[in-house]
Amino acid sequence: MKRAMRVLYLIFVTSVAAFFVGLGVFNLVEAAGGSESADGRVIERISGEKTTKDCTTYSYSSESGCIERTYPTFTLIGERVDGSTWLVVGQGAYDATRGERGTIVVSTSNVTGRVIGLESERDQWRSPSGLYVLGSVGFLIFWAILVSAYESRRRSGAWKMGSFERAEFSAVIPGVAFGLFAAGYSMLGPAWGLEAVTSAEAEGTFLDDPFGYADVQIAEQEADRPGVQVNQPFTVARIPTTVIGGEYLTEKVRTAWTEAPDVLAIPILQVGQATGRMDRTFFRVFADGTSFDSVRCPATLLPFPSGLGAGESVGGFVCFDAAATGGEFQIWVGSNLIQDLIVRPAYPLPDGTVIDAPTQ
């Protein structure tokens, strides 16, 4: 029994020491190793709560003798311009990107591959590597004093565990291994198994540069021109929707559009899918006193809504009779009996002409 206690004692002491040594060295090397910067974007900001149960001390307020503590959690998931994904855990990075929709600068460690900095026009965040190093050194000093005090008392006979045998010191190996693994996991673990859908994966079969197109949408929205313009997002059935400018389509899609038979085809992108029986979308063009309903697109054109890859983004062309060309494009939402006119956006033609949106 005493031998088992000695082995467990060695594993515990060395694993705690190895954890903070690993934590300090990791952050020191990361801070000194330099970083590379690239344009990136936040895909998702997640805030939540994590509940832990502490049963080491008795609580009169808990019948089970355990205390539950709830901590807030903050996670950022993003992409870089090259299509790679990144993840940052912590409130500092979360707060620094609050409300940020455009391109930001993402700094990545050359040594560990972790994101250590985010910077936008409004705010910035840097990983507190120096604090981790100082904290690790401080705790190691405290741990050394604590273990030395305990050893002094143990050797004086206050707590009898018996003398260590030479073979028992091999327990240091799993203790160090466990501590270093725990340190590495605490730093790199949150990003293990990250499966975020990037804009290229979600829309790359339809848009020529999905990453850059997000900035085009933001710029068009901030221009605040009258009417809903081409490339300006609007909402249909609670889903962000955009009429796409021809220059932002892939070459394959654009070629099919320009070579399509004699029809009016309008390219549309929708990020997400509408839900509910009342969320049907209807497309019409009103030209020369005539209302044209959408028709089936030619086989050479991708019909809306078609899946574009991973994720929920859908896109394609809404087609009309050629006689509708130049008319007012209208989008309605509702059921077969009740429909509401939602928006009358501008739309492009294959030759580059843009049919302006009504301003009234």
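The values are calculated or read from the model by the stated rules, or taken from the named source; none is laboratory data. This is a predicted model, so every value here is computed, not measured. Every residue, glycine among them, receives a Cβ derived from its backbone with ideal geometry; neighbour counts consider all protein chains shown. Accessible surface areas use protein heavy atoms only, side chains included; no ligands, DNA or RNA. Shrake-Rupley method; radii C 1.70, N 1.55, O 1.52, S 1.80 Å.
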Inset, instruction - Just one of (1) modelled with pLDDT under 90; (2) surrounded by fewer than 19 Cβ atoms within 10 Å (Cβ to Cβ); (3) of a type outside the set (A, V, I, L, M) trips up SER199, so point out which. - result: (2)
Legend entry - All positions within region 324-335 that are open to solvent by 30 Å² or more (accessible area, probe 1.4 Å) and either free of Cβ contacts under 8 Å to residues at least 40 places away in the same chain or among the β-branched types (Val, Ile, Thr) (or both): THR325, GLY326
Legend entry - Lone unmet requirement of (1) among the β-branched types (Val, Ile, Thr); (2) open to solvent by 50 Å² or more (accessible area, probe 1.4 Å); (3) assigned to a strand (DSSP E or B) for VAL314: (2)
Legend entry - Any chance LEU269 is of a type in the set (A, V, I, L, M, F, W, C) and either open to solvent by less than 20 Å² (accessible area, probe 1.4 Å) or assigned to a loop (DSSP other than H, G, I, E, B) (or both): yes
Inset, instruction - Go through the residues of region 57-78 one by one and say whether even a single one is hydroxyl-bearing (Ser, Thr, Tyr), at pLDDT 85 or above and closer than 21 Å to VAL197 by Cα. - result: yes
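Considering only residues that are outside any helix (DSSP H, G or I), surrounded by fewer than 19 Cβ atoms within 10 Å (Cβ to Cβ) and of a type outside the set (D, E, K, R), which ones fall in region 213-228?
Result: PRO226, GLY227.
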Legend entry - ALA183 touching a Gly at 6+ places or on another chain (Cβ under 8 Å), of a type in the set (A, V, I, L, M) and not in a loop (DSSP other than H, G, I, E, B): yes
Legend entry - Extreme residue, modelled with the highest pLDDT, among residues of region 336-350 that are outside any strand (DSSP E or B) and open to solvent by 80 Å² or more (accessible area, probe 1.4 Å): ILE338
Legend entry - Condition check for PRO298: touching a strand residue (DSSP E or B) at 6+ places or on another chain (Cβ under 6 Å), open to solvent by 20 Å² or more (accessible area, probe 1.4 Å), free of Cβ contacts under 8 Å to residues at least 60 places away in the same chain and not charged (D, E, K, R): no
Inset, instruction - Residue by residue through region 321-335, note down the ones that are under 17 Å from PHE292 (Cβ atoms), in a strand (DSSP E or B) and not polar (S, T, N, Q). - result: ASP321, GLU328, PHE329, ILE331, TRP332
